[in-house]
Amino acid sequence: MYNDHIHARSVDGRSHPSRDWVKQMWSQIAHEIPIGWRICGENLYAEHSIPYTNLPSLFMGFSIWNDHNECLSWDETLEWFEILGIEPVPVLYDGIFDEDKIKQLYKSSDWERSEGYVIRKAAQFPYGAFKICVAKYVRENHIQTTKHWMQGRPIIPNKMRK
């Protein structure tokens with residue numbers, strides 16, 4: 001999300017009905033996003049590989065990048081999410097990196113209801129350091145198809161909590 005446009009992970013700009021909800025949400029906050037900044041998050045409107053039935057929002061933010069292409073610190077990101085009304089992704093652990101705690105999180109995760117999780121440095125970092133500041137863990141055998149979830153499938157909406 002930028003202040004003047006929005007796109008999915010791919011910048012190809014193709015429209016898809018599963019993106020309508022997040023585009024509507026963006027249209028209500030776009031004017032508050034500083035010029036040159038971008039908000040990254042997960043569009044959870046449609047079921048991709050597993051259904052979600054108790055979401056706090058159909059879009060959940062995980063990072064904000066400023067006009068210098070720096071990822072804001074996690075605390076600053078949460079402040080901006082609060083200002084913009086964006087639901088942040090759940091935080092499973094916030095503290096000094098601890099490999100044993102990370103392994104325990106992996107072992108105790110409910111892989112029937114979760115695709116994975118991300119570990120990120122809490123401090124601000126430049127885009128060039130992304131590969132050493134962010135790690136993603138996904139469940140075993142996560143993607144089981146040879147086609148993208150949007151190809152040849154009906155849209156199955158996820159559900160928000162009541």
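Computed from the coordinates by the stated procedures, all read-outs in this text should not be read as laboratory data. Please read all numbers here as calculations on a predicted model, not as lab measurements. No Cβ is skipped: glycine too gets one built from the backbone with ideal geometry, and neighbour counts run over all protein chains shown.
Observations
- 10 Å-binned pair-distance histogram of the chain (Cα, whole percent): 9, 35, 39, 17, 1
- The Cβ shell under 14 Å around LEU84 holds other residues with a net charge of -4, Lys and Arg each +1, Asp and Glu each -1.
- In straight-distance terms, cross-link reach from LYS159 covers every one of the lysines whose alpha-carbon lies under 21 Å from its own, apart from those fewer than eight places away in the same chain; here that gives LYS23.
- For ILE35, net neighbour charge (Lys/Arg +1, Asp/Glu -1) across residues whose Cβ lies under 14 Å away: -2
- Gap separating the Cα centres of region 82-102 and region 48-78, nearest whole Å: 10 Å
- Straight-distance crosslink candidates among lysines, where the alpha carbon sits under 23 Å from LYS101 and sequence neighbours closer than 8 are dropped: LYS121, LYS131, LYS136
- Of all aspartates and glutamates in the structure, those lying under 14 Å Cα to Cα from LYS107, and not within fewer than 8 positions of it along the same chain, are GLU99, GLU115, GLU140.
- In terms of other Cβ atoms within 10 Å, ASP110, ASP67 run from fewest to most in the order ASP110, ASP67.
- Protection proxy ranking for 77-86, 38-47, 91-100, 124-133, using the average of other Cβ atoms within 10 Å per residue and placing the highest first: 38-47, 77-86, 124-133, 91-100.
- Cβ-based exposure ranking for LYS107, LYS23, LYS162, in which fewest neighbours within 10 Å come first: LYS162, LYS107, LYS23
- Helical content alone sets the calculated 222 nm signal of the chain at -6000 deg cm²/dmol, taking -39,500 (n - 2.57) per DSSP H segment of four or more residues and averaging over every residue.
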